[in-house]
Amino acid sequence: MKIVIVVCFAVQIIFAEYISPASCSITFEQLDSMKLSKGQQLWLEEILKDESNCLYLEEILNKTRENRIFLKNIEDEGYLTFRNIEKPEAIEKGRRLLLKYFLKNELNKVKEIKDSLKNIEDKNHIAFYDVEYWLILYWTNEYEELLNDVKAWDSIATKKYDMLNWQLREKSSLNARNISEQIQTAAIDAEAKDFLWLNFNAITIGFYGISQDSLNILIDDFLKTYPETEYKDYVNYIKQRPIKQEYVKPKQVLSNWKKGVDFFIGYGIFTEELSNNYTNGVPLGYGFDICYKRLELYLRGYVGFHKTKEDFEYSTGVYEKGLAISVLLFESSLGFAVINNDYFKISPFFGVGSISTDVPSEPYTKKPKELEEISMETFTYITGFNLDVGTDIFLRLRYGYVMPNFSKKYNVSGNMHYITIGLGLKVD
């Protein structure tokens, strides 16, 4: 067996000099990555003088070429450290690789891996079951291939779910509207469009929400509109078949409630007289979210690190320009997710809270009580919006506009803008 493999790999070196196109169709490019010693070249020269030997090698090469090309693709992705691998393992690893790119929405990669897997299929090794393959073709917009595959359909092969099978069905169901729009804009006839949408509902039944009775209504309408359709046998089959367990998503009750927490850093900017008294500063803080559907309650604490821009007199001294001042902001706000999908969420909010400025305490040093004379504390309104990227684990960009309601005794006016960025986690 090792000799046969060496012979296969060596053909590229001697083809140009020792094999004529008339007797052998193996090309130099098919094995352009292999190198042989001079002794191996001379040995193969003698073997390949017999045309039957060349044809035998060609047959072996044709059976293994696509498999080896695909395995090299997997090896480049870090999935393998060797190239000689059996088809079952190649298919298993290829399916995992396809799932990786499907979840990342890299559909060009999905198509490439799908094609490679199909090329190594044979009667004993199946890379995809019908429903899996068709759903991939929906995503890659290969409608002609999908329609031709259904026309050649014999019976639907099914299996228990693995992660690829499950994710294809679930994600396709969640994106049913987009897939429907892609079908409607495809350059195919009306019958093909209607069939593709009917078939999509059939193979996502139990996920997308359509019942067998509703599917049967769609089937009846389709057959009335296209009584001579090429897909009649298949359509009648999906109408009559029982819904097996593997077609139905296990029931899962999702809560309308979610809780979350985030930690953030940012930048705070004062306006008007406040900007004359204090520098802009860097805040740190934390937040808690309580969400019901699209309605969201935010509870947040914020401490900003600023400095004075002028001297502040108090009864027993002067707090000089350039010294530290802390800004504390506690807020409670109510938001509504106007945009909420698998990728990001935008939630305008409005709320109330309290804001204060204070001289920070030095470690192990008691702060003079008189310094409280230059502190301020007041009620405030807050408005702004959140941009969350991600779902359960999310990155949050938040803009807030703080409008303090200072009493006359402080003799100061101004508001504050802040921008924060934080990392958060949501759970049911």
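Shown for I421, I205: other C-beta atoms within 10 Å of each C-beta, ranked fewest to most, produce the order I421, I205. If the segment from K293 to M163 were pulled out straight at 0.36 nm per residue, it would be longer than the present Cα-Cα gap by 44.0 nm. Annotation note: chymotrypsin sites (Phe, Trp or Tyr not before Pro) in the range 321-428 located in DSSP loop regions with a Cβ neighbour count of at most 11 within 10 Å are Y343, Y364.
Within 10 Å of each residue's Cβ, count the other Cβ atoms and sort K426, K224 from fewest upward. Mind dumping the intermediate values first?
Numbers: K426 17, K224 8.
Starting with the residue having the fewest Cβ neighbours, the order is K224, K426.
Note on T279 and N119: the extension gain reaches 51.0 nm, defined as 0.36 nm multiplied by sequence separation minus the Cα-Cα distance. How high is the FRET efficiency from R177 to R96, r the C-beta distance, R0 25 Å, rounded to 0.05? The pair R177/R96 has a calculated efficiency of 0.30. Exposure proxy ranking for M376, M416, M403, based on other Cβ atoms within 10 angstrom of each Cβ and starting from the fewest, stands as M403, M376, M416. Between N141 and L334, the FRET efficiency from the beta-carbon distance, with R0 = 35 Å, is close to 0.25.
Among the trypsin sites (Lys or Arg not before Pro) in the range 91-159, which ones are in a DSSP loop with at most 10 other Cβ atoms within 10 Å of the Cβ? Mind listing them?
Values: sites: K93, R95, R96, K100, K104, K109, K111, K114, K118, K123, K151, K159; in loops: K104, K123, K159.
Here the sparse-neighbourhood loop sites are K104, K123.
Placing a pseudo-label 7 Å from each Cα along the Cα-to-Cβ vector at W257 and A190 gives an inter-label distance of 5.1 nm.
Note on E313 and I265: with the Förster distance fixed at 30 Å, the Cβ-Cβ geometry gives a FRET efficiency of about 0.35. For the set K100/K345; K369/K409; K87/K171, the pairs lying more than 21 angstrom apart at their alpha carbons are K100/K345; K87/K171.
For the range 275-358, run through the GluC sites (Glu not before Pro) and keep only the ones in DSSP coil with at most 10 other Cβ atoms within 10 Å of their Cβ. Each step should come with its number before you reach the end.
Details: sites: E296, E310, E313, E320, E331; in loops: E310, E320.
Those that pass, being in a loop and sparsely packed, are E320.
Extension gain, D213-Y286: 0.36 nm per intervening residue step, less the Cα-Cα distance, totals 21.2 nm.
Computed from the coordinates by the stated procedures, all read-outs in this text should not be read as laboratory data. Keep in mind it's a predicted model, so treat the numbers as computed, not measured. Methodologically, a virtual Cβ is constructed for each residue, glycine included, from the backbone with ideal geometry; neighbour enumeration extends over all protein chains shown.
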